Amino acid sequence: MPSSESILGGTSALEIYRSVFHTLEKLKSSESPAETKAGISVGIDVLKEVTTLLEQDLAHSDTAKWHQEATDLILQGRAPKSYITVLGATGSGKSSLINAILDEDSLALTNCYRSCTAAVTEFSWNASDDPAENYRAEVEMISSDELEEEIEGLLGDLRDSASQASGSEGDDGEFGNQVASESYDRLRAIYPSETKKSLVERGARKLVKQVQGSLNQTQIIKSPTRKQFSSLLKPYVAAGGLEEEMEFWPLVKKICVFLKADVLQAGVVLVDMPGTHDTNKARSAISSKHLEKSSQIWIVAPIARAATDNTAMDLLGRHFRRQLQMDGSLSQITLISSKTDDINPQEAAGNMRGVAKALATLDLKKQVEDNKKEKAQAENKELEIEGKAIRSQLENIKKHRLAWGRLQRRQKKGETLYIKDFDLHTTSEKKGAETKGSSVKKRKLHDGKAAAKDEHESFEDYLSSFASKDPLTPQQIAAQVMYFTNREGELQQTKAANGQKIKDKQNDVMRFLRSAQVIQLREKKRAAILGRNQVSREAVLKSFIEEVHMMDEEIGEEEDPDNINHSQGIRDYQKLKQELNIFCVSSRAYQKLSGRGKGDTGYAHYGYDDIKETEIPLLRKHAINSTESGRIQHAHRFFGELGILLQSLYMWSRADGSLLLAEDQKRAEQARLEEAKRDLGKTLGLYIHEMFAATSGVISSTIFKKQDRYSKKSAAEGTKVVEDWAQPGRKGGIYYSTFRALCRRCGVPGKAMQKKRNLNAELLEPLLGLIGKRWEEVFTETLPEMVHFLVQRSIRQLETFETVVGTTASEPRNRLMTLKFKAQVENAVDRVHSIGADLQATISEISKGANRQFEMALMTALKVPVYHACLHHTGEFQLCRGSYKIMKGIVHDHMEYHGHRVYSAAFQKVRRALNDAFPRAEQKALQAMEKVVKNLCQDYMTAITGSDVSAGSLPIRTQCRSLLDAVDGRFLMAVSQASNNAIAIEIKNDYASDEGMIEGDVESRLMDLDEDEDGDELSRQSSSPRFGMSSSFGDVENDDDDDDDDDVLFSPTFHSHQ
């Protein structure tokens, strides 16, 4: 028998088996987005063909199962979405930024995302190939009940205003009617013909019925052009129509815009978030959900202030910053300083030393160019004087040539001519001279002297060179004509040369002038922009880190203010600095340099030499790269699941019953496998149960152990917060009308309220200051480490299971089954990693959902005894002098005497939320792990007991085999076309090293392997551990008690814990 070395050429048996889907195996570890995208496309096409093939025989359990798995995988192949939430105040340049990122001119209307904008707007990839819907939008309108609830609050603001006007108290001053005015503006957008009085009289229910036809529906807008689409969408997103027309934007819950933009094709979804608080609960819930699922949060603020104050952090708000801390999302923030082109270099120089130094250098450079220009101007003036002299001389030379020419023509007619007949002036010139007296004679003598000056000392000498009494010979006249003709030609050349010199010198003057202008207009602005950008980055980064450090230190100060070590950071701030992304962008300059913004005629993109300097392309690349990790993880999982399915189909398509065991061997193998399966299921279930039990313990000891102490501290601080509310409005307190409006909305600011204060968030801040960092550490560090450890323990247990099952391989055909089973174990390991990743994501979702319950709990606890009590202490519409004092007393007394119970209730609500969520997560993990074990054992059982290999299944299996034989080539071609990088080269090299091996001959070659060498090799592969981590839980003994139900892999006691 030939040795395995001679057959394999050093290649292991498992590698030979895997060579059937060689490229697919490589894709499972590829980090190239282009390759994984191409691989997923091929995989989905293959799956569609598989489902079509298996639909011919769904009566068989195996084909039905594989058909369902293929169908599920097709859905799983869709690219995951990565949400990027964009936040920015009015006028921050957020809409312009969105347009630039999408490479659109004005899709996001630059005047529509105002403080009154009602809806969250998503921008997603448009998968439609229909030209008629190049741009498409789904506009979801709010329901009747949602609108009625919102209108009730707005009408309450109007009633308060009317009551105040009749003589009730308040320290509001001019601010007193602002809340009512804002509420009326919002109502008037929907009901333009109504007055305040008529709105209040009609009531919410009648007002809702008036617009019933626009509610409870989703409007579809589509257009082939951007201009038409923007026009159709504008009424739903923008305020500012005709006063007598109804506006729809207050009725919109959510807008989804679909278009073909490169940045969106990667799975990015840009979310324009107008605000995080809204009187309409449906819109508020949508905003909150978007913040929970966002992978990035972009904060947009004008750069004009970003370099000198904390604009970006102020925009976030303290409560929102704390929320990000508890979500573990601080590293997901991207800070964007906008409008970098809006700058005055001289003002920037006055505020920034680096800019001043750069401008001083440019002033010297400009002075050099100015000096060059002045020198060139002087030289040009000299050339112009010289040119004037040349032109004068040329004119006189021409007169001499013409005069001698006239003599020559007269001589040819037979006249005898003497030197006295030489005359520089023509007959017409002489006639004109008769009326001008002697001036012509003087000019004649002057011109003659000027013409001869170049050749003779005097005009008289020139004339005396000819004999006055002798007639002029033809040779003399011809010589003079030739002389002056040649001389005229020379002067013409001199004149042309002089003109070219003047032109060159004038070009030099213009060049030096433009150079100086470029320095003044472009280079100075560019230096100011770059200098301010650098200062802005440093300032924003510093303020961000300081704010995070301050939030972290609050915990230590609350716990032990006398012994806090300020020099020791609670987190790795250097790492946080590196993770924080800061961009300084100019959307306006980008659009201009891109050839758009033609209507923006008053703007020049001075300060930017290249479109890259606007940083829009860099920000777009950052958005795409932010999705890369998730897309690659998704692809790896897809390829893993696809590999499992294709391997199962491959085994089935090639099965002929020749490798099946005898009946007694089958029964023995089945019994042994069932026992190993039960042990594996119980052990993995125990691992999951232990992890969740430990999770409960960690959360209890870290978050809830000091619940009573934290509640008391928070109540004391909360009382101080309430006292600050009671201060006069001009001293930072809350105005009377604003406080009533907030009470009407249970402490949450309405969309129409310009000055947004969230009473619940302000009361919650003392509590979050105590537990925020602990919460973050538990859910972003401790629990993920526990999940990682669970994965390692589970993988080691799978390796043990693989070893136990593979030890009975005593014949080549049994070893073939073992090799196939080994491949299935590898796939099971991949699935366990996926379970770990899912658990990580689930824990993050649980954290975000639970920590938001603190604010909801406070609102619930304060709703009746505080907010309703303040609002209705003398009746909703019966305000009287002294009302605000009574309301202040209600709030203060409740927090002073019952504040401890308020915060304790918040703790209890969050604990209940966690107690509800974690058992569900545990059950989900158990079911996923159970599926892993079932699929693993089922494939092995198919190998030893046989699948449907009857003659009836032969046609389908034959077609399946043909399909699978071509799969790897399809993957390889797609990957090669997508990218010519290392993976394609590596695959081709691998194939070259295995030259001569035929796919269909894999099984027969495996059967010929040397028994001893193969067995030893398999033993070594099976027993080598992949990980060497020791268990902090201790070794877990398998439960040897028999389970009555062999089909149940996990003990019911592991499905939940108290």
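The values are calculated or read from the model by the stated rules, or taken from the named source; none is laboratory data. Not measured: the values here are computed from a predicted model. Every residue, glycine among them, receives a Cβ derived from its backbone with ideal geometry; neighbour counts consider all protein chains shown. All accessible areas refer to the heavy atoms of the entire protein, side chains included, with ligands and DNA or RNA removed. Shrake-Rupley method; radii C 1.70, N 1.55, O 1.52, S 1.80 Å.
Close amide H pairs (under 5 Å, H built 1.01 Å from N) link Asn216 with Ile142, Ser143, Ser144, residues at least 5 positions away or on another chain.
As a rough guide to protection, the peptides 323-329, 45-51, 483-489 ranked by mean Cβ packing within 10 Å, highest first, stand as 323-329, 45-51, 483-489.
In order along region 964-973, phi translates into HN-Hα couplings of 5, 4, 9, 4, 5, x, 5, 5, 4, 5 Hz, rounded to whole numbers, per the Karplus curve 6.51 cos²θ - 1.76 cosθ + 1.60 with θ = phi - 60° and x for Gly and Pro. Using the Cβ-Cβ distance between Gln228 and Arg78 with R0 = 41 Å, the FRET efficiency computed as 1/(1 + (r/R0)^6) comes to roughly 0.85.
For region 793-798, the Karplus equation 6.51 cos²θ - 1.76 cosθ + 1.60, evaluated at θ = phi - 60°, returns couplings of 4, 5, 5, 4, 5, 5 Hz by residue, with Gly and Pro reported as x.
In terms of packing, defined here as the mean over residues of other Cβ atoms within 10 angstrom, the peptides 853-860, 729-736, 922-929 line up highest first as 853-860, 922-929, 729-736. Peptides 330-339, 415-424 ranked from most to least packed by the mean count of surrounding Cβ atoms within 10 Å: 330-339, 415-424.
With distances taken between every two different alpha-carbon atoms, region 476-517 has a Kirkwood hydrodynamic radius of 12.6 Å. For the pair Thr90 and Gln506 in one chain, pulling the backbone fully straight at 0.36 nm per residue adds 144.8 nm over the alpha carbon distance. The simple spin-label model puts a point 7 Å past each Cα toward its Cβ; for Gln408 and His872 those points are separated by 12.2 nm. Take Asp838: with every protein chain present and a 1.4 Å probe, its accessible area is about 60 Å².
Got a sec? What order do Arg637, Arg322 fall in by accessible area at 1.4 Å, biggest, i.e. largest, first? Don't skip to the answer; put the middle values down first.
On the way: Arg637 75, Arg322 0 Å².
If we order Arg637, Arg322 from most to least accessible, we get Arg637, Arg322.
With each label modelled as a point 7 angstrom along the Cα→C-beta vector, the Lys420-Glu201 pair spans 12.2 nm. Near Lys254, the amide H atoms lying under 5 Å from its own belong to Glu140; only residues 5 or more places off or on other chains count, and H is placed 1.01 Å from N. Annotation for Lys931 and Glu138: the two label points, set 7 Å from Cα along the Cα-Cβ direction, are 2.4 nm apart.
Taking 0.36 nm per residue of sequence separation and removing the Cα-Cα distance, the Glu244/Arg353 pair yields an extension gain of 33.8 nm.
Phi angles across region 620-633 convert, under the Karplus curve 6.51 cos²θ - 1.76 cosθ + 1.60 with θ = phi - 60°, into 3J(HN,Hα) values of 5, 4, 4, 5, 5, 5, 5, 8, 4, 4, x, 5, 5, 4 Hz, Gly and Pro given as x. Under the 0.36 nm per residue contour assumption, what length would be gained going from the current alpha-carbon distance of Asp610 and Ser392 to full extension? Using 0.36 nm per residue and subtracting the Cα-Cα distance, I get 73.4 nm.
Taking the dipole about the Cα centre of region 340-399, with the C-beta of Lys and Arg at +1 and of Asp and Glu at -1, give me whichever of Leu394, Leu362, Ala376 is farthest to the positive side. Value computed over the given set: Leu394.
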